[in-house]
1. For residue B:79, place a label point 7 Å out from Cα along the Cα→Cβ vector, do the same in each other copy, and report the separations in nm, one decimal, smallest first.
2. In whole percent, what relative contact order does chain B give with Cα contacts below 8 Å and a gap of six or more residues?
3. Go ahead and estimate [θ] at 222 nm for the protein assembly as shown from helices alone: -39,500 (n - 2.57) per DSSP H run with n ≥ 4, summed, over the residue count, rounded to 500.
4. Per 10 Å bin, what percent of the C-alpha pairs of chain A does each bin hold, from zero upward?
5. Calculate, in nm to one decimal, what residue A:3 and residue A:84 gain on full extension: separation in residues at 0.36 nm each, minus their alpha carbon distance.
6. I need the shape label for the range B:98-148. Rule: rounded when a/c is under 1.5, else prolate if a/b > b/c, else oblate, with a, b, c from the alpha carbon gyration tensor.
7. Rounded if a/c is under 1.5, else prolate if a/b beats b/c, else oblate: with a ≥ b ≥ c from the C-alpha gyration tensor eigenvalues square-rooted, which is the range A:60-140?
8. Let me know the mean shielding of B:34-42 by other chains, meaning the per-residue number of their Cβ atoms within 10 Å of its Cβ.
DNA sequence: ACTCATTTGAAAAGGATATTTCATTTTTAT
DNA sequence: ATAAAAATGAAATATCCTTTTCAAATGAGT
């Protein structure tokens, strides 16, 4: 996707900082005409580079006081077990992410919960029910030193 | 924050799904008048429950092909070292998150990079320069089975 | 240099948006 | 039951927005 240039990167960065920016304001900020800005913006959406827009929330103010990173190791994995695994993952709203990773564990999950009790219940009711699980190691976040979903677009594109 | 009710949760959920929804459309979707919707929305922003809005990007289409989870263990930590640690973390645009966690490692980081070469360079130039680091274990994402930043608002609020 | 194709932006137009107002309804407290 | 307080929503309005159009500028190929 080297069809993206520095101006696209700036446009994307602006929308990462404020997803509600209007085309008019974007154009002004980037020093281009509205029409050109509109066309670029449309293109980025059509390319699927911009997938959508969402509100950024304060998890603590919403009662999400516990954030846990869980390392799961599995034994065998029949096809049926894999499908069941996948199904549970997709259905768990408290599970924010699940990655199959290199390293000691097989999966790395990110879980949000109200508190430690709530988290503990989740581990018993959901994680321990996952098929073929042989080990579950929880790492609870004690301090969130940095969290951002702002991608370094320019750097990734090599601009 | 139990001052939030089911309607607030619905409103927030809608804005998690589409952060660009206008008040008019939100109101229609939730079956309330525009004025009421506007007032609730404003309140949620003032309370800091909604912190902002941002575009959701496709990291692969932007050249972010490698996502790594890194476990870092430290030795001692003088005050100066801690400050330096913090500074580097905040300054690293490729570092998306850093949590001080329970468990074997001290910190869990999330890094995005163009490819493995780029990632390797980052580890050498940034992570190995962190003061007091005694161990670095990398877990590269092989398969992103689930990733969402959509918080289960209703559940967290107990509604 | 010349032509054709592409990109650009200023302007226009209609539509949508945020925000206030005020009369009415609903809730609360007594 | 009644009065005071709070919440509601329909309507109004001025502002802002998206999207198209078209003429001019720019670039590419010969």
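1. 6.3
2. Details: 167 pairs, mean separation 46.3, N = 159.
It comes to 29 percent, rounded to a whole number.
3. Details: 12 runs with 123 residues, N = 318.
So the helix-based figure for the protein assembly as shown works out to -11500 deg cm²/dmol.
4. 9, 29, 23, 23, 13, 3
5. On the way: separation 81, 0.36 × 81 = 29.16 nm, distance 3.97 nm.
That works out to 25.2 nm of additional length.
6. Details: a/c = 2.30, a/b = 1.14, b/c = 2.01.
Oblate, because a/c is 1.5 or more while a/b does not exceed b/c.
7. Working: a/c = 2.04, a/b = 1.69, b/c = 1.20.
Here the range A:60-140 falls in the prolate category.
8. Numbers: counts 0, 0, 0, 0, 0, 0, 0, 1, 0.
Taking the mean over all residues of the peptide, I get 0.
Values in this text are rule-based calculations from the coordinates and carry no lab data. No experiment lies behind these values; they were computed from the predicted model shown. Heads up, the Cβs are rebuilt from the backbone with ideal geometry, glycines too, and the neighbour counts pull from every protein chain shown.
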